[in-house]
Amino acid sequence: ARGLLREFPGVPEGVVDVIPVDLVVAAIIATAGRPARTDDDTAHIVQVATGDVNPLRYQRLVDRVREWFTEHPLYDEHGQPIVVPDWNFPGRGRVESQLDRATFVLRAAERVVASVPVRGRAAQWGAQLDERRVQLDRARTYVELYGAYTECEAVYGVEHLLALRDTLDESDSALLTLDPSAIDWDAYIT
């Protein structure tokens, strides 16, 4: 949102398994309220996911985020609105190559600044370069951490979650939403 990355890896039709925290909390509460299983030694696992019954496609997420920040822009340090870039879903390798090129340029600039006395303008440049290094490191962390996730095509089943929902009495069911299909993604994203 702050212009740190102009592109991010992903597959437009891929499922982004975003899970609202209230769905997770409801599942924890409902699971904690169940009696312990005694019929066997296997753990009862309740997968909380959305992609199986209410998939959010990466393209839809990007479109809604782009629309939101176009209508409600963030501003840079000079008070200017940050232009929301178009996304074209590059591969992770392309984004990492862009980060490598930016790192190369940053290191060259740091060598130049390091070769002049650190005062006045050189000190300002040094501080700006330090900030750029932090931003570049943060961008690389985002790509490494989330890049594999956005390119993943796994869809997690929620059969146990829906079965848990079906065991709730009427009052608990009214308080605990355990149905991922109830999420209106457009409203949720904005």
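Data overview
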read-out	value
The chain - mean residue ellipticity at 222 nm from DSSP helices (-39,500 (n - 2.57) per run, n ≥ 4, rounded to 500)	-17000 deg cm²/dmol
In Å, descending, principal axis extents of the Cα set of the chain	74, 41, 29
Nitroxide proxy distance, nm - points 7 Å out along Cα→Cβ at residue 66 and residue 108	3.1 nm
For region 91-174, Kirkwood radius (reciprocal of mean inverse C-alpha pair distance, Å)	17.0 Å
Sulfur and carbon atoms: percent of accessible area, the chain [1.4 Å]	55 percent
Length released on extending from residue 182 to residue 135, taking residue separation times 0.36 nm less the Cα-Cα span	13.2 nm
Cα-based helix-to-principal-axis angle, 92-114 vs the chain, degrees rounded to 10	40 degrees
Net dipole in debye of region 111-189 [+1 Lys, Arg Cβ; -1 Asp, Glu Cβ; about Cα centre; nearest 20]	1420 debye
Å² per residue, accessible surface of region 17-105 at 1.4 Å	65 Å²
Restricting region 116-190 to GluC sites (Glu not before Pro) in coil, as DSSP defines it, with at most 14 other Cβ within 10 Å	153
The chain: angle of helix 58-71 to the longest principal axis, Cα-based, in degrees nearest 10	60 degrees
Potential lengthening between residue 148 and residue 59 on full extension [0.36 nm per residue; Cα-Cα distance subtracted]	30.4 nm
Cα-based helix-to-principal-axis angle, 121-151 vs the chain, degrees rounded to 10	30 degrees
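The values are calculated or read from the model by the stated rules, or taken from the named source; none is laboratory data. In this text, all values refer to a predicted model and were calculated from it rather than measured experimentally. Note that we place each Cβ from the backbone using ideal geometry, even for glycine, and neighbour counts take in every protein chain shown. Accessible surface areas use protein heavy atoms only, side chains included; no ligands, DNA or RNA. Shrake-Rupley method; radii C 1.70, N 1.55, O 1.52, S 1.80 Å.
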